[in-house]
Amino acid sequence: MVRVQMFEWPPVKRSIKLSAVIPVSNIGLVKDLRWKTITIGEFARAFAIYKINNVVLLSTGRDDEDPGDTNLFRIILEYLLVPPYLRKYVVPTLPELRYAGVLPPLNIVTHNPEGREPRKGDLREGLVMTSYGNRGKVFIGYRRRCYTVSHRELRSGDRI
């Protein structure tokens, strides 16, 4: 069996920044929270695939537009940006995230999409569990904790 690597991981950084403007009325057509969550998840997946740097939520100002849809869109996008191994520590339980289980995974660098063991130089987002000035014990999703030294003072609960 020959394994061919088609894409470089982590992907090469783009030299320009891309932004996407999404009218919030796109999810206003659906009244059920589960389907709204699925729709927002599909948008987020597309943003990740095309490496969108900024997302602008456009409110059309129509009378039939639900003002809560903008907030729902923001909450779900912020939830998806948190790596899966940190979600239970960082994200509070919110009614808007009731159907978060139907959201697709994002194939982004900080989420360790290949599920492989850590290697030197990997990029991981972590949560400071205990801190000692500018040193701290950080949870990065593996069994063993990681110890770090920072140029600034660390506090317990900081995401780094």
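Here, each number is a calculation from the coordinates, and none is a lab measurement. From a predicted model like this one, the values you see are computed outputs, not experimental measurements. Cβ atoms come from the backbone with ideal geometry, glycine included; neighbour counts cover every protein chain shown.
Cross-link check: pairs K36/K88; K31/K88; K88/K137 evaluated at a Cα-Cα cut-off of 25 Å; pairs beyond the cut-off: K31/K88.
Per the Kirkwood formula applied to alpha carbons, the range 19-107 shows a radius of gyration over Rh ratio, Rg over Rh, of 0.95.
Shape summary of the chain, radius of gyration then Dmax from alpha carbon positions: 18.4, 59 Å.
Just from its helices, what would the mean residue ellipticity at 222 nm be for the chain, if runs of 4 or more DSSP H residues each count -39500 (n - 2.57) and the sum is divided by every residue, rounded to the nearest 500 deg cm²/dmol?
-7000 deg cm²/dmol
Within the chain, which is the longest segment containing none of the GluC sites (Glu not before Pro) that sit in a DSSP loop and have at most 10 other Cβ atoms within 10 Å?
After excluding every exposed loop site, the longest remaining stretch is 9-113.
Centre-to-centre separation between the Cα atoms of the range 102-156 and those of the range 23-56: 27 Å. Loop-only chymotrypsin sites (Phe, Trp or Tyr not before Pro) in the range 125-157, please: DSSP not H, G, I, E or B, and at most 16 other Cβ atoms within 10 Å. Sites meeting the loop and neighbour criteria: Y142.
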